[in-house]
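Colleague: This is the structure I want to talk about, given as structure tokens.
The values are calculated or read from the model by the stated rules, or taken from the named source; none is laboratory data. Nothing here was measured: the structure is a model prediction, and the numbers come from that model. Heads up, the Cβs are rebuilt from the backbone with ideal geometry, glycines too, and the neighbour counts pull from every protein chain shown. Areas reflect the complete protein model, heavy atoms only, side chains present, ligands, DNA and RNA absent. Shrake-Rupley method; radii C 1.70, N 1.55, O 1.52, S 1.80 Å.
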Amino acid sequence: MKIKITLETMKFHAYHGVMEQERIVGGDYLVDVFYVLDTKSVDTDRITDTVSYAGIFDCVKKEMEIPSNLIENVAGKILKTIQLQYPQIMETTVKVTKLHPPVAGEAGKATVTLTNGNFL
């Protein structure tokens, strides 16, 4: 059975950004991952028949710990890591949100959404 699993609002303090201050002080980020796979876990109730969202979290955490200039790059690294770790996933969308981005004014967040499927 084809299912979509969502892991939302993972929060990290990370050191991404072009500005030197962002690399020193860091900032808060939210990450959402949506993934689609064909699984029999609906019937079997076995973790081995699905992709655990705990494993997805570990992929995201690993990539969030590596500083990047752009959140586009962060989203791309997360997507590639998930694809390599879990080739049975058919479609993946990664959404990375930088809270309070440094702009010449007030902005609550900046978000990048990257997908390898067709449900952007």
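Colleague: When only residues in the stretch 35-67 that are in contact (Cβ under 8 Å) with a residue 40 or more places away in the chain and open to solvent by 40 Å² or more (accessible area, probe 1.4 Å) count, which is farthest from Thr6 (Cα to Cα)?
Modeller: Taking the candidates together, the pick is Pro67.
Colleague: Now, a different point. Scan the stretch 89-97 and give yes if some residue there is over 16 Å from Val36 (Cβ atoms), open to solvent by less than 20 Å² (accessible area, probe 1.4 Å) and at pLDDT 95 or above, otherwise no. Working first, answer last.
Modeller: Taking the stretch 89-97 first, the residues over 16 Å from Val36 (Cβ atoms) are 96-97.
Narrowing the set further to residues that are open to solvent by less than 20 Å² (accessible area, probe 1.4 Å) leaves 96-97.
Now drop any that are not at pLDDT 95 or above, which leaves 96-97.
Yes, the stretch 89-97 has at least one match.
Colleague: Okay, next question. Would you mention how many residues in the stretch 27-48 are over 30 Å from Phe12 (Cα atoms) and under 17 Å from the mean Cα position of the chain (by Cα)?
Modeller: 0
Colleague: Could you list, in sequence order, the residues of the stretch 98-120 that are in contact with a strand residue (DSSP E or B) (Cβ under 8 Å, 6 or more places away or on another chain) and surrounded by 13 or more Cβ atoms within 10 Å (Cβ to Cβ)?
Modeller: Result: Lys98, Leu99, Pro101, Ala110, Thr111, Val112, Thr113, Leu114, Thr115, Asn116, Gly117.
Colleague: For the stretch 74-88, which residues satisfy the criterion of being farther than 11 Å from Ile56 by Cα and either of a type in the set (Lys, Arg) or touching a residue at least 40 places away in the same chain (Cβ under 8 Å) (or both)? Even if it seems obvious, please write down each step before you answer.
Modeller: Step one: filter the stretch 74-88 for residues farther than 11 Å from Ile56 by Cα, giving 74-77, 80, 84, 87-88.
Scanning the stretch 74-88 gives Val74, Lys77, Lys80, Gln88.
Colleague: Gly26 is checked against (1) closer than 28 Å to Met1 by Cβ; (2) touching a His at 6+ places or on another chain (Cβ under 6 Å) and fails just one. What number does that condition carry?
Modeller: (1)
Colleague: Scan the stretch 1-19 and report the pairs whose first residue is over 30 Å from Asp49 (Cα atoms) and whose second residue is open to solvent by 100 Å² or more (accessible area, probe 1.4 Å) and part of a strand (DSSP E or B), with Cβ atoms within less than 6 Å and a gap of 6+ or a chain change.
Modeller: none
Colleague: Right, here's the next one. Is it the case, given these coordinates, that Lys11 is within 17 Å of Thr113 (Cα to Cα), open to solvent by 80 Å² or more (accessible area, probe 1.4 Å) and outside any loop (DSSP other than H, G, I, E, B)? Explain how you work it out, then say what you get.
Modeller: Details: within 17 Å of Thr113 (Cα to Cα): yes; open to solvent by 80 Å² or more (accessible area, probe 1.4 Å): yes; outside any loop (DSSP other than H, G, I, E, B): yes.
Criteria met by Lys11.
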